[in-house]
Every structure is written in C-alpha cells, then in structure tokens.
There are 2 protein chains.
Amino acid sequence: MPIPPSGSRSGAPLGVFDSGLGGLTVVRALRDRMPGESIVYLGDTARVPYGTRSKETVVKYALGCAKVLTNRGVKAIVVACNTVSAVALDILRIELDLPVLGVIEPGARAAALAAPDDIIGVLGTAGTIASGAYARAVAAVSTRAEVIGQAAPLLVPLVEEGWTDGDVPRLAVRRYLEPLLARGARVIVLGCTHYPLLRDLIEREAEALAGQPIRIVDSAHATADAVADFLQDRGAVARRIEPAQLDLLVTDLPKGFSDVASRFLGEAVLRVSQIDL
Amino acid sequence: MPIPPSGSRSGAPLGVFDSGLGGLTVVRALRDRMPGESIVYLGDTARVPYGTRSKETVVKYALGCAKVLTNRGVKAIVVACNTVSAVALDILRIELDLPVLGVIEPGARAAALAAPDDIIGVLGTAGTIASGAYARAVAAVSTRAEVIGQAAPLLVPLVEEGWTDGDVPRLAVRRYLEPLLARGARVIVLGCTHYPLLRDLIEREAEALAGQPIRIVDSAHATADAVADFLQDRGAVARRIEPAQLDLLVTDLPKGFSDVASRFLGEAVLRVSQIDL
C-alpha cells in the first residue's frame, strides 16, 4: 500500500508492533485514550519471544516489522515491545523516515516523576534488564532516582498460559520481587507488555512483602499518554467521523490465538490477517 | 560441504536438531550410549520455541534445519524435538534422501512395552499434545494401552530459568500431573526434550500424588537406544580410533547460552558456530 500524501497524514493509522500479542495491552491503552485513532498492529508471533535473543537478531526482526507498517502508510510507529525499545529504538529512528515511539521512555518518565527520590524497581525480560535502558531513561529526567532491575523470564509464559492468579504465579512473582524490595524499591515498573495482566497480583505481593504501599507503573498507559501528547503537538490527531479501525497482522496463527489476543486487548479480536516475514 | 561417498557413510556424523537447546539431552543420551559417534547438532535458537507455533510454520522450520544437516554430510538425522517429531516427521521422511528418526516412536514404544495394560500419561508442549502423535505411536505397538495427554507449557521456561527444584516448579508440575493421575495414569512419558531436567521432581510429585510407584519414561534414552539399534542393523556404526566430535550450530547466541547448553548436555560446550537460517 503506498504512503498517502502528507496532507492526509493525520487520518493515517498508527502502526504498533510487538514480538507477539503482549503489545495488545498497549493497543488497549491507546484505544482507551484516543478512540478516534485507527491502528494497524503487527505481532511477530512466528518469532516470539524476542526477550531471550541477541541484540543483532532483535534489531533485524524489528526492522522487518517496521517495514511492514511503513508499507501500510502509518503516520507513526509505536514500538509496543520493551525488548525492542531497549535495544533497537535508536536504529529504528535512524533507519525510518517517520516518528518512532517506544514504551521505555514514557514508563521511566512516569516512574521518575512519581517518585523522584525513590528507588525504582523494574521487572522485565532478560534482554530488557540486561540493556540497562530503564536506568538510562530515568537518568535523563532525574539525577536522584536510582533504578534496579530484575529479569523475570517466567512471567510471560505464565500470562500466556492464563495463570494470572493462584499459587504458581504468586510464588514466582514473589521470587522476582524479593530482591527489588529488599534493596528498597518503592516503585515497581511493569517493564514488559505482558505484565499488566499480572498487575493486581504484583501490587498485592509487593505490598505484602514490603509492608507498605508500593506504586506500580504500567508502561502501557504511560505510552498511550505520550503518544497522545505527541500527536497533539504535531497536529496529527485523527479527525474522523466514522469509527476507528483496528487491523491485526500476525506472522503465525498459533492454537488459542483468539483467546490470548482477546485477553490482552480486552475486547474480541475481529480483523486478523496472517503475513509472511 | 558435499555429501561423502557412500562407502564412508559409517564414519559420517549423526545429525541432530531441535528448536533450541533442549535436544542436547538427546545428544547426551546418544553420547552415553555410543561414544564413538560424531554428532553435528543444530539448535534453532533464533526461532525457539516451536511448541506453540502452527503446523505449517513448524514444517517450514524443520525442513530448513534438516537441509543444513544434509549439507554437512550426516549419515542420518535425529529429530530431537517432540513438536517436530509430532507434526513434521512424515514430511521430512518424504523430502529427505536419508534416514530420519524421531523421539516420539521410541518413547511411545518404551512406555507401551513397560506397561502394556496401563494408562500412559504424556506431558508435552501444546503442539505435541494437540497432535495426538503419542496416542498413534502407542497404538502401533499396543491395542490395550490408553494414552492421555497434558500440555505443560510452563515447564520449558522453568527449565530454561534453571528453576528445577523448589516451590514454583513443584506446584506447576503438580498442577500438570493431577489430571493425568486422577484419570489413572501409572506411567508418565516426558514428552519434551527439556523435561529430563525435571525428571526427579516429576517422579517425586507423581508418586506423592498417586500414593504408589509411577514409572517415568524419558524419551531421550529411548531414542538413543533406537538410534543405536538402527545403526547396528544398517552396519552404519562408526569404527573410529580418534575421539568422536561434537559440533554445535545455533541460529542465535542468546545471553547465558553456555550455561543453559552445558546444563542440558551434562558437559562443557566447546565448539559452537552461529549460522543464519
């Protein structure tokens, strides 16, 4: 599909991509925040997860995903994947000729503003934590906040299995939270698009372990706010009368796709196409 | 690398592949059983896991892996991946001009022979269980044994996280075993190459839940026996004086690769090359 002429850019859809379906939590937040914006979402379900892969591989995959979306004429790309935001955002911004927004800067900013003197604990995939991206993003807005990270590789499979409550997720979440809280974290950033489905459990366990209120920062909502501000600043907000569309592209249609996708999106999944990458 | 002339086939290496590193448990069993055989192992670590993907995608990936090994002049291919063995073995046998052995037939045969009148419970990935491949393979050797399956998607990430003992794996294993044991399973097949690292825990929990001895069938060992018999029958056993080689090929080198690989292999990982697929 050719890129529409620049005069019609505000009516063009937002492009959103993630390694799999977790990024649909960001789509959900975007649709809550900006119901008028059409969205094309690409989930690279044939190659999920990215979180355990090398930087070179993540960059290669991310460029492939971004190309699919630019070919669809999107007005901006939201990288709804913490791993890609952590290791490939700079390269995407250099390589692409349109705005690219990630999930880490908004989440880090929200955490630093909420608790500028506190220790901020970040839960994420191995790739996100190893990158140190949250620490860099927090340092850009606060010189006092300290960031400590904890890789939590089991949380994604727990969410995908639908085990978001009960003993197994509770004990796994505890095991990941303990080192963060023991080091004094009073804010916990959900540094992976799957984690909003564990939000209540994480908050409950964190407060039980710490014996005091713990603030949970959900980067999906922070990102939706950042995208809304960005479009406003650029005069690129959609002005439409007809209802906004949501198109889902996936690179594989695994068993149980609709159930998992609906769980992340918070509504039934309607328009899905499978593409090759 | 060209395929060597047929006169030298017995000296050619065995080719083994898996979606990731779990298949190294099969390599370990092969090396224990046949120390004289050289092995080329390919782990498709850039596209792991296969267990949640569609049949079409698994077939495409498996053919790509097999091609790499045939280009290395292997004398036979061992598919050290239950998902590929379940959904793509027939196609590999049709497409390839050399013997292809899977992990499901040997495991199913060992289970059926050990307990011909019993109910056989199989733990595996979603793809393996949905395929019904174990039930078909058992039916080929026993008309009396009954097979029931349980998808256990969390066990692979637990093993990769190194959580093979403690409350989280114990409770997850229990949750997956309960429906099998409640329906009367007295044999449990470890239907995924990652599960041998959870063998002790699975055996302990199964016996605690059932209140009686439960037989655990490890398809890695059953496969090594089947490969040894096959080479013997064909006169294709390696007759070598120099120590057998083990070459590892991977499509991605994720963080912690050496630790995880050594855990599966039971020895330090020495010769590793990264290839593109």
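What follows is calculated from the coordinates using simple rules that are stated; it is not laboratory data. No experiment lies behind these values; they were computed from the predicted model shown. Reconstructed Cβ throughout: ideal geometry from the backbone, glycine too, with neighbour counts over all protein chains shown.
Here is how the numbers come out for the structure above:
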{"item": "Cα-centre dipole for chain B with unit charges at Cβ (Lys and Arg positive, Asp and Glu negative), debye to 20", "result": "400"}
{"item": "Region A:120-167: radius of gyration over Cα atoms, expressed as a fraction of 2.2 N^0.38 Å", "result": "1.40"}
{"item": "C-alpha long axis of helix B:104-114 to longest principal axis of chain B, angle in °", "result": "50"}
{"item": "Relative contact order of chain B, pairs being alpha-carbon contacts under 8 Å that are 6 or more residues apart, as %", "result": "26"}
{"item": "Other copies of B:Arg234: label-to-label distances in nm, shortest first, labels 7 Å along the beta-carbon direction", "result": "5.8"}
{"item": "Contact order relative to length of region B:149-207, as percent, for alpha carbon pairs under 8 angstrom and 6 or more apart", "result": "47"}
{"item": "Rg followed by Dmax, in Å, when region A:18-68 is reduced to its Cα trace", "result": "12.4, 37"}
{"item": "Exposure proxy ranking, count of Cβ atoms within 10 Å, fewest first, for B:Arg240, B:Arg174", "result": "B:Arg240, B:Arg174"}
{"item": "Rg followed by Dmax, in Å, when chain A is reduced to its Cα trace", "result": "18.0, 56"}
{"item": "Pseudo-label separations to other copies for B:Asp165 - Cα-to-Cβ vector, 7 Å, nm", "result": "3.4"}
{"item": "Cross-link table A:Lys67/B:Lys75; A:Lys60/B:Lys67; B:Lys55/B:Lys75; A:Lys55/B:Lys67; A:Lys60/B:Lys60, entries beyond 31 Å C-alpha to C-alpha", "result": "A:Lys67/B:Lys75"}
{"item": "For region A:104-219, the spread of Cα positions along each principal axis, largest first, Å", "result": "39, 30, 18"}
{"item": "Interatomic Cα distance distribution for region A:163-235, bins of 10 angstrom, percent", "result": "19, 45, 22, 11, 4"}
{"item": "Assigned charges on the beta-carbon of Lys, Arg, Asp, Glu; region B:104-219 dipole about Cα centre (debye)", "result": "340"}
{"item": "Closest approach to the A/B rotation axis among chain A Cβ atoms, residue and whole-Å value", "result": "A:Pro157, 2"}
{"item": "Convex hull (Cα only) mean projected area of the protein assembly as shown, reported in nm² to one decimal", "result": "27.2"}
{"item": "Across the identical copies, how the A:Ala268 labels are spaced - nm, sorted shortest first, 7 Å along Cα→Cβ", "result": "6.0"}
{"item": "Stokes-Einstein translational diffusion, region A:139-277 - Kirkwood Rh over all Cα pairs, 0.890 mPa s, 25 °C, in µm²/s", "result": "138"}
{"item": "Semi-axis lengths, Å, region A:22-107, gyration tensor of Cα atoms, sqrt of 5 times eigenvalues", "result": "20, 15, 13"}
{"item": "Acute angle (nearest 10 degrees) that the helix B:167-182 long axis makes with the longest principal axis of chain B, alpha-carbon atoms", "result": "70"}
{"item": "For region B:104-219: relative contact order, % (alpha-carbon pairs under 8 angstrom, 6 or more apart)", "result": "33"}
